Every structure is written in structure tokens, then in C-alpha cells.
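Visitor: Sharing a structure with you now.
The values are calculated or read from the model by the stated rules, or taken from the named source; none is laboratory data. This is a predicted model, so every value here is computed, not measured. When we count neighbours, we look across all protein chains shown, and the Cβ atoms used for this are built from the backbone with ideal geometry, even at glycine.
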Amino acid sequence: MSTPALSIKGLKKNFGPAEIICGVDLDLEPGERHAIIGPNGAGKSTLFNLISGLYHPTEGSVKLKGEEITGLPPHVINRMGLSRSFQVSNIFANMTVRENVRCGVLYSLGHGYSFWRNVGNLREVQQKTGEVLERVGLLDKAHLPAALLPYADQRTLEIAITIAGGADVVLLDEPTAGMSHSETDRAVALIEQATAGKTLIIVEHDMGVVFNLADRISVLVYGQIIATGTPEEIRGDPRVREAYLGDEDEQQVLAGGAQ
Amino acid sequence: METIVFSLLNGVIYGLLLFMLSSGLTLIFSMMGVLNFAHASFYMLGAYFAYSIAGVTNFWIALILAPVLVGLVGAAVEKWGLRSVHANGHVAELLFTFGLAYLIDEVVKIIWGRNAVDYRVPELLDFPMFELFGAQYPAYRVFILLVSVGMLAALWFILNRTRAGLIIQAALTHPHMVGHLGHNVPRIFMSVFGAGCALAGLAGVIGGNYLVTDPAMAVQMGPIVFVVVVVGGLGSLTGAFLAAMLLGLMQTFAVGIDASFADIFGWLGLSATSELGGITIASLAPMIPFLMLVLILMVRPRGLMGDREL
Amino acid sequence: MQSNSVQSYEHLAPSRAVKIRQRFVPFVVMAVVLLLIPFFDPSRTMYSLTAAMGINIVFALSYNMLLGRGGLLSFGHAVYFGLGGYAALHAMNAIDAGNSAFWSNYPVFMLPVVGFAIGALAGAVIGWPSCKRSGVPFAMISLGVAELVAAAGYMFGSIFGGEMGVTGDRMVGPQAFGLSMGPVEDVYWFIAFWTFVGTLGIYAFTRTPLGKMSEATRDNPERVQFVGYDPNRVRYLVFIFAGAFAGLAGGMSAVNYEIFTPESLSLVPSGLVLLMAYIGGIRYFTGPIMGAILLTYMQSMLSDYSEAWLLYLGLLFIAIVMYAPGGVAGMVFGLLEIFRHGGAREMLIRRVQQAVGVALAFTGLVILIEVAVRWSNGYGEVFEPFGLHLGIDTPLSWILILGFFGAGFVTLRLARNNEEGHA
């Protein structure tokens, strides 16, 4: 068995007296597409914040490709090859689409804090930025200010910035939230294509998306993973049904797959 | 012994004045997020208003009227100035009050002139209260003490025993929640801003004749008020009180210490004739507040008693 | 999706023509203006005014690296200007003394380099603790540091010269470019050269990866972390450069005035540079340049004419904060935008209406202030514009004041109603 792309052991997080994440264990194979589902308030976003370094865990450890990243600041974790998107569009609103993606590209191409080069003359950066824009289909909107993009395009840009640095472990936080059906379909195609060959963890509420995209699924309830398995296993798991009891739409999806 | 007792008394009085001046800013800053650069300018206005009113009538009428007038000016500034800048964020608000401080300074210079005005302690209080170690202690200082303690008690009563006070307390720690509870937030802001300015004005009325009333008094006090608020911590009047006392005592004591660096670090070979050795603790007194400010922000950003980081 | 692997994305970058128009031409224009000024045979006053403008342009631009481009509000930027200036003056005196081979061969013309280095050093030392925080805490730390440095300035006479400051003589050492640095014309070339270099340098900085990430950090420090950058590190590096260019301006000032006092480290010049940058417009690169030119002009011309110039400055600043956050540059570019897009006649009319309203109300305000200032001085002097006699007790004064205010107010109301009618 190869080194897991991401390995979480006994992860806990308390906010004051409240235990939000209480002992999560999870191993991801390289190239795996893993979805995390669970009811609102289960701690999905907190889990992402813990993995990506925004929060420090109270206990437990996170390893990225075998290396300990617990307690490291986000930018260091990012440089080690883990990138994430946000639930609310978190882009550079005053910049153009192209500049947004360029921000994502710069560090990975070794131009960190350099103050002796003109960004306009960096061939590689131009090339990589263009490739990413093309890949996500924003090439024709490259010169628009990011703030003026329609919502769905802002979400796409969010993903573009996330993958621009070439990280091989990608965390997407509800990438299709608030999208219409057709927009969602396009977004799923985009995610599949943009994260090909990468390890992906996705938090998603849309069960259609989850069952289409994921190789494996984990169900997070009250800060604990109650089940992990292939989509079929999850669909058949009685505990999962129990956790989702009352939510008829999702019950249906769990029972019969995407409509 | 004498120096210690006198320093203690004077330090407490200075601390109380500082607190009176800063309590308004703590209220404003915690609730509205506005670090009012012009706060000390309202303190100055209080002193000048009192000087003019006392000139026409007497000190006691000025004591009541001047803070009220300053409060009205403050409320007007909030309503017609600050409120329209609010949408552009806290930095814009900070800049607005920064410009306002410039403006008030200049207007004061035009109306009252560039030199200090002769704002005097009222005759009724212009006598030595008691004798201490052979030195006389002026009654006016005791009066300052009484007014400050009275204000402290009134503030405590309003905040803890009235409905308006409870709303304000809630707004101090959870500024966003108050609006959701259906209170008229703009009006609360305006009243708090006005009341905060009135407190600064009161400090000006009783401090202006104790210290000096001149156009530079705002610039001198302004940064120190910030220090009290920041060191005390966001949302905490108790913290502001502690910080004001601490500052008042430290500064007063430092002024009383004649020792130089050479006296203290002489054992390290620091000579009294060298530049560094010649510096006395007393001459460092004005720097103490800013040292505290920088240290607190770096080491404990929430201040002494603050409930959240700046 | 296509998979043509070797596609070029050159077309995404701005075209050559755009680059030349937006980046090259403005600097050529600047250079030409700087070269042409001496041919108009300016007076000594004009020369000293342009020198002050040049210094302030670099200073304000360096300040805007923090406020406009980095989102860092500083109340202590004069510290770096002052320390750079002091360093340059001490270097000037070392050239004069001629005790070391290095300094005796160092031309005075190159002293801003010393200012740059010391400004950067000061930025590196002071920025280390300051840049761990941003927003209001950063502003407060900068305020505290400025007070401390200014106080230290008065305390250490051997370095800062006490109240009297440190003086120097610029006509020493080897000449560069055949400039003796004596006559104002020579000093002009020195100022012009360094104004150009400073402006170019600061502009170039905005084009670097660090400059771009500084803007990204200003807008969204959280996101920056997830593209591999430490926001504090970005701020720290930007802070060092801002300090360096402020030091450069300080070096220019040292050569121009041949004196520095501890006053130059204090909150007053720090506040002034904030006003320059903000009034000019912090969102535009050219904003601080406009602000520096305008305020320097006001400072030297208006302060001769009216004692209340600081009051006018405060009013201008507040008006900008309240009604035109884009500053002077924002207004200028806004107008250009209106002209460029045809069919905006109504817009233009409204702007003119607003301008007239502001001008009327402002006239009333000026009369009020000027009448009041003269009354306040108590020398019996009276404001007499255009042969009018406007005393504090002349009814005409008050009729004019109220009249102008009223007219201005009504005009602004009309303009606003029009706007609402169209909206």
C-alpha cells in the first residue's frame, strides 16, 4: 500500500467547552476522490479548516503525503501541495480574472516574494495562467474584474485559483452551492476534468454531485465520521439513513441515486 | 514618604481624569468600531466652552452646560458626518475623525486664539484643603476627585441599573446583535457618541483649569487616550479604568524620580556624563504610554481586560 | 475541451500599444516636463516650490505603497523619511570632514541612496514587530512607534542635534554630472533626477510579483495564505520598501534644505503625508503625485495668503473622505471617463451643477473663515476682497456669507433632485 495522500488520525477540535470535531480518522489514497457529507453543523467546514491549517487542532494529527502538517500555518501547508477552495467565494475582487489566477500561479513557479522581476515578462507565469483559464473555461472573461463576474463564474474562478498552484491534494468546500441545475452539471464536469489525477476531498450538499463524483464517501455527523465507504456501501448503510432521517429529498437520493 | 503620598494622590487624580476622558472613547470604539481621533478635541472643546461660559456666568453653570454642549456637537458630528462615512469602512471613519481633529484645532485657534486662555479654578475652590507634610493640598484637586468618583458612580448606575444601560452593555460586546433585537441602532450610536463626547467635555471642564487650556491640549492628550483604550481592552470599561489608573500613577511616579540611567546602570560601567547615562527616568515619563501601547499590541492584543482582539 | 498542448497565451497580456500608452508614455511625459521646467526660467521661489513638490511626490508615493497598495494605515511614516534624511546629512558631513576614503569620494548627488538604505534598515527593524498585525492595531503600533522615535530624537542630541537639529553643507566632495550643487538650478537637476528615479522605482515595484501580492493581501489576506503566501511576510517586505523610498525622499530633502530637526520624525509630517496621499487618491498610482503637488502648493502659497490654510486643508480632507473617496485622481479620471463615453451630456451637466454648488458654498465658507481669522487676530485688520470692506460687524459680510451658502445649498439640492429624477 502506498503512502496515503492525506492521513488524519484522532483529530479533535474544541471551541471552549464545545467539541466540534471529536476524533476523526481518515486515510486518502493518492488520486482518490473523496466526498464528505453530513447534516448542517456536523463540522465539515471546521474539518477543512483544520486540515488546511486555518485552525489548530486540539488533538490529533494530519499528515500530507506522509509528512506531518499539524499546526503548520496555511501557507506552508499550501506550498507542500495542499490547496483549498471556500464555501463563500473568496476571490480577489478588485483584480481581473486573469490577475486572480496569476496570484495562484506565482508561488508555485518560484516567484514567491520576488521584487526584481516584472510579472509581465514572466513567460511561464503567462503560459500557466492561460492554461488554467482555458481549462476552466474563463479564457474569454480573462479581462473582466472578478467582482463583475456572474455568481457561477465566481465559483469557477474560486476553483481556478485553487488548482492554479498545481497542488496534488485539493479540498473543495461546497463548490456547487447556490448553482442552478445546468450550472451544477457544468461545474461537476469542470471539477472532474480539472482535478484529474489529483487527490480530491469535496464537501457537498448536492447528493447528485456526490454520488457522481466520489470514489468514496465519508459521513460526518456531530464531529464524528459514522461511516466511510463506496457510494453503494454508503447508500445501503442503515446508520447513514438514520442520520439523514427526515430529509426526504436526500433519503430518496440515498435510496435511488441521482434523479 | 512625602513624594510617595503626593505622587499617589496626584497620580490617582490624573488617572481619574484620564479615565473620564477615555471612558467615552471605550464606549464608542467598542460599540461602533470607530477609533475616534478627535476624541481629545472634544476634551479641548469642553475646556474652552467652560472658559467662555464661566466668563459670562460662573463656573458651576459651565460645569453643567459645557459638557452638554460638547455632547450636542458630538451627536451632530455623528449624525451629519460619521454616519455617511460608515459605509466605507472603519479606516474611512478613522480618517474622518483624523480630519475632524485638524478642523477642531484650527477652529479653536480662530475663536480663542493661539495662546493659552486664562481659565481659572473657581474662587470658591481656590484654597488649600489640608496640610500634608508641611505642604498645602489644593481643594480643587479634591474637587476633581469627587467629580470623577461621582461620574464613575453615575456611569456604573446607568450601565447596570437602567434599560438603556443594559442595551449599551449588550452592544459593547455584541455590536451586531443589538440591531437584530429591533433597537434603533443609528440612534443608539448617535446617543453613545454624544454621551462619550460629553464625558470628554466634562474632563475638559474640570481638567482644563487644573492643567492648561491651550490649542495644543488635544494633540497632547489624543494619543494617550488611545493608549488607555487599547491597553484597557475592547469592550471593557473596567479595563479602561485600570489602564488609566496605571498610566496616571506610572507617569506621576516617573516624573518624581530623579535617578538617571547612570545611577541605575552605573554598575555596568555606564558613565553619568555619557548621553545615555544622563537620561533621567523623569524625562522618560512622556514615553511610558507609548511603550505600553506598542508592548500591549504585540504581546497581548486584547488588552488587559478586553473580550476580543482589536 | 481542446488539448492542443503548445498554445500560446501571449494575447492575454495587454497589447504592445496598450503597454506603451499606459506605462511608457506617462514616464516620457514626466521626464519631458521635468526637463522643460528650467527653460521657463523659473524664479527662486518657483525652484524651491518644485523642489519641495519633488520631495513630497516621492514621500507620498512611498506612503501609498502602504496605504493604497498594501491596505496598511500608518501614522508614523515620517520616521523613515526623517531617519533617511538624518543619515544623508551625517553622510554629507562625513564627506565634508573627508576623514575616510569612502566618504571623501562620495558625491553629494548620490546621498539619497544613503537615505534609501537607512530607510530600508529602519523599516526592517521597526517593521518586524509592527507587521505582525494589520488594520487598526497596525495603525496604533505605527502611532506609538512614531511617538517613541520622535521622543528619542529629542533625547539623543549627538545623533539628532536636539531642538536645533543637524545641519550640513551640500557643496562638498566630488561633483557628479558637473553639478556643484550650489545654485538652485543645480539642486533642481538633483531633485528632478531623484523624483524621476523614485517614481519609476515605486511604479516598477507595483509590477513585481511582490507588488501584486501586496494588492492581493490588501484585498483578501485569508485567500493569500492558500496560494502559498504568508500575509505578514508580504506586509513586512512591502513595509521595508515603503521605508526605503521614504528614506530616499528624506535624502533628497537633506540635500535640498541642508538641515533636519527631530520635528521631522514626529506625528505632524506623518499626518501630512497621509493627507497628501488620501486627498490625491490612494486607489490610483498618480493620486499621491497629484496630492503632493496640490498640498505642497497650498502649503507654500496659501499659507502666505491665509493663516487658516490648515483649516482649509482639514475641510478639503474631510470633504474628500465624505464625498469623494477616490480623491482628486478619482475625480479627474471620473471626468475623463465621462468625456470618453459620449452621450453623457446629462452626467456632465450634473457634474457642472455640483461643481457650481460646491464653489458657491465654498465661497461663503471662505468669507466666513477669512472674516473670522482677522477678527480673531485682533489687530483691527479687515478682510477686503475686491475692494469690499468685510468686517465682523459689517452686515454685508453676513449677507454675503449666508447668500453664498444658501445659493450653494440650493444648487446642490437641484443637482441631487435631477440625479434622483434620472435614477
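Visitor: Give the residues of the range B:265-283 that are at the interface with chain C (Cβ under 8 Å from one of its Cβ atoms), within 30 Å of B:V225 (Cα to Cα) and of a type outside the set (A, V, I, L, M, F, W, C), sorted by residue number.
Guide: The one that is at the interface with chain C (Cβ under 8 Å from one of its Cβ atoms), within 30 Å of B:V225 (Cα to Cα) and of a type outside the set (A, V, I, L, M, F, W, C): B:S283.
Visitor: Sort out which residues of the range A:5-32 are assigned to a loop (DSSP other than H, G, I, E, B) and either small (G, A, S) or in contact (Cβ under 8 Å) with a residue 12 or more places away in the chain (or both), and write them in order of number.
Guide: The answer is A:A5, A:G16, A:E29, A:P30, A:G31, A:E32.
Visitor: Checking the structure you have, find out if any residue of the range B:68-81 is over 23 Å from the mean Cα position of the chain (by Cα), on the phi > 0 side of the Ramachandran plot and surrounded by fewer than 17 Cβ atoms within 10 Å (Cβ to Cβ).
Guide: no
Visitor: Follow-up question, since we're still on this one. Hand me the list of helices (runs of 4 or more DSSP H) wholly inside the range C:1-80 holding 1 or more residues that are away from every other protein chain (no Cβ under 11 Å) and closer than 23 Å to C:A277 by Cβ.
Guide: Fully inside the range C:1-80 and qualifying: C:25-36, C:44-70.
Visitor: Which residue pairs have Cβ atoms closer than 8 Å, lie 6 or more positions apart in sequence or on different chains, and pair a first residue in the range B:284-302 that is more than 10 Å from chain C (Cβ to nearest Cβ) with a second residue that is outside any helix (DSSP H, G or I) and crowded, with 18+ Cβ neighbours inside 10 Å?
Guide: B:R302/B:G233; B:R302/B:L234; B:R302/B:L310
Visitor: Which residue is surrounded by the most Cβ atoms within 10 Å (Cβ to Cβ), if the candidates are limited to the range C:366-386 and must be touching a helix residue (DSSP H, G or I) at 6+ places or on another chain (Cβ under 7 Å) and part of a helix (DSSP H, G or I)?
Guide: Filtering the range C:366-386 for residues that are touching a helix residue (DSSP H, G or I) at 6+ places or on another chain (Cβ under 7 Å) and part of a helix (DSSP H, G or I), the one surrounded by the most Cβ atoms within 10 Å (Cβ to Cβ) comes out as C:I367.
This table checks each residue for (1) over 24 Å from A:L122 (Cβ atoms); (2) among the β-branched types (V, I, T); (3) modelled with pLDDT under 95.
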residue	(1), (2), (3)
C:E215	no, no, yes
C:N220	no, no, yes
C:R223	no, no, yes
C:F226	no, no, yes
C:L237	no, no, no
C:A244	no, no, no
C:S253	yes, no, no
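Visitor: B:L100 versus (1) more than 25 Å from B:Q169 (Cα to Cα); (2) within 9 Å of chain C (Cβ to nearest Cβ); (3) not in a helix (DSSP H, G or I); (4) not small (G, A, S): which is the lone unmet condition?
Guide: Failing condition for B:L100: (3).
Visitor: Step by step: first the residues of the range C:164-204, then only those that are surrounded by fewer than 22 Cβ atoms within 10 Å (Cβ to Cβ) and under 19 Å from the mean Cα position of the chain (by Cα), then the one that is nearest to the other protein chains (Cβ to nearest Cβ). Which residue is that?
Guide: C:A204
Visitor: Identify, by number, the condition in (1) hydroxyl-bearing (S, T, Y); (2) in contact with a helix residue (DSSP H, G or I) (Cβ under 6 Å, 6 or more places away or on another chain); (3) within 30 Å of B:W80 (Cα to Cα) that B:S191 doesn't meet.
Guide: Only one criterion in (1) hydroxyl-bearing (S, T, Y); (2) in contact with a helix residue (DSSP H, G or I) (Cβ under 6 Å, 6 or more places away or on another chain); (3) within 30 Å of B:W80 (Cα to Cα) is unmet by B:S191, namely (2).
Here is a yes/no grid of residues against (1) more than 9 Å from chain B (Cβ to nearest Cβ); (2) within 30 Å of B:M221 (Cα to Cα); (3) of a type outside the set (S, T, N, Q); (4) within 10 Å of the chain's Cα centre (by Cα):
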{"site": "C:L267", "(1), (2), (3), (4)": "no, yes, yes, no"}
{"site": "C:G271", "(1), (2), (3), (4)": "no, yes, yes, no"}
{"site": "C:L274", "(1), (2), (3), (4)": "no, yes, yes, yes"}
{"site": "C:G291", "(1), (2), (3), (4)": "yes, yes, yes, yes"}
{"site": "C:A308", "(1), (2), (3), (4)": "no, yes, yes, no"}
{"site": "C:L316", "(1), (2), (3), (4)": "no, yes, yes, no"}
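Visitor: Looking at C:G135, C:G161, C:G98, which one is within 10 Å of another protein chain (Cβ to nearest Cβ) and modelled with pLDDT under 90?
Guide: So the residue among C:G135, C:G161, C:G98 that is within 10 Å of another protein chain (Cβ to nearest Cβ) and modelled with pLDDT under 90 is C:G135.
Visitor: Which of the residues that make up the range C:297-353 are farther than 23 Å from B:F96 by Cα and in a loop (DSSP other than H, G, I, E, B)?
Guide: The answer is C:S306, C:H341, C:G342, C:G343, C:A344.
Rundown of residues vs (1) assigned by TED's automatic domain parsing to the domain that holds C:T199; (2) buried (at least 24 other Cβ atoms within 10 Å of the Cβ); (3) aromatic (F, W, Y); (4) at pLDDT 95 or above, yes/no style:
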{"site": "C:V29", "(1), (2), (3), (4)": "no, no, no, no"}
{"site": "C:D41", "(1), (2), (3), (4)": "yes, no, no, no"}
{"site": "C:R44", "(1), (2), (3), (4)": "yes, no, no, no"}
{"site": "C:L49", "(1), (2), (3), (4)": "yes, no, no, no"}
{"site": "C:I57", "(1), (2), (3), (4)": "yes, yes, no, yes"}
{"site": "C:N64", "(1), (2), (3), (4)": "yes, yes, no, yes"}
{"site": "C:L72", "(1), (2), (3), (4)": "yes, yes, no, no"}
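Visitor: I'd like to check which helices (runs of 4 or more DSSP H) are fully inside the range B:149-243 and have at least 1 residues that are within 14 Å of chain C (Cβ to nearest Cβ), surrounded by fewer than 21 Cβ atoms within 10 Å (Cβ to Cβ) and of a type in the set (A, V, I, L, M, F, W, C).
Guide: In the range B:149-243, the matching helices (runs of 4 or more DSSP H) lie at B:217-232.
Visitor: Check off (1) within 14 Å of another protein chain (Cβ to nearest Cβ); (2) over 15 Å from the mean Cα position of the chain (by Cα); (3) in a helix (DSSP H, G or I) for B:A62 and give me the number that stays unchecked.
Guide: Exception for B:A62: condition (1).
Visitor: Got a sec? Which of B:E93, B:E106 is within 14 Å of chain C (Cβ to nearest Cβ), assigned to a helix (DSSP H, G or I) and in contact with a His (Cβ under 7 Å, 6 or more places away or on another chain)?
Guide: B:E93
Visitor: Quickly run through the range C:81-120 and pick out the residues that are part of a helix (DSSP H, G or I) and free of Cβ contacts under 8 Å to residues at least 60 places away in the same chain.
Guide: Within the range C:81-120, C:A91, C:A94, C:A97, C:A101, C:F102 meet the criteria.
Visitor: Looking at C:P174, C:P183, C:P209, which one is modelled with pLDDT of 90 or more and in the same structural domain as C:I95 (by TED's automatic domain parsing)?
Guide: Residue meeting the stated conditions: C:P209.
Visitor: Now, a different point. Can you tell me which residue is modelled with the lowest pLDDT among those in the range B:1-40 that are closer than 30 Å to B:G89 by Cα and assigned to a loop (DSSP other than H, G, I, E, B)?
Guide: Once the filter is applied, the top-ranked residue is B:G33.
Visitor: Continuing with the same structure: For the range B:120-137, give me each residue that is part of a helix (DSSP H, G or I) and either among the acidic types (D, E) or buried (at least 19 other Cβ atoms within 10 Å of the Cβ) (or both).
Guide: B:E123 - this is the single residue of the range B:120-137 that is part of a helix (DSSP H, G or I) and either among the acidic types (D, E) or buried (at least 19 other Cβ atoms within 10 Å of the Cβ) (or both).
Visitor: Answer with yes or no whether B:V117 is modelled with pLDDT under 90, surrounded by fewer than 20 Cβ atoms within 10 Å (Cβ to Cβ), within 24 Å of B:V225 (Cβ to Cβ) and within 14 Å of another protein chain (Cβ to nearest Cβ).
Guide: Criteria met by B:V117.
Visitor: Considering each of B:G248, B:G239, B:G266, B:G233 in turn, give the residue that is among the small types (G, A, S) and on the phi > 0 side of the Ramachandran plot.
Guide: That would be B:G233, the only listed residue that is among the small types (G, A, S) and on the phi > 0 side of the Ramachandran plot.
Visitor: Keeping to the range C:211-263, report how many residues are acidic (D, E), more than 30 Å from A:S85 (Cα to Cα) and either part of a helix (DSSP H, G or I) or facing chain A (nearest Cβ under 8 Å) (or both).
Guide: 1
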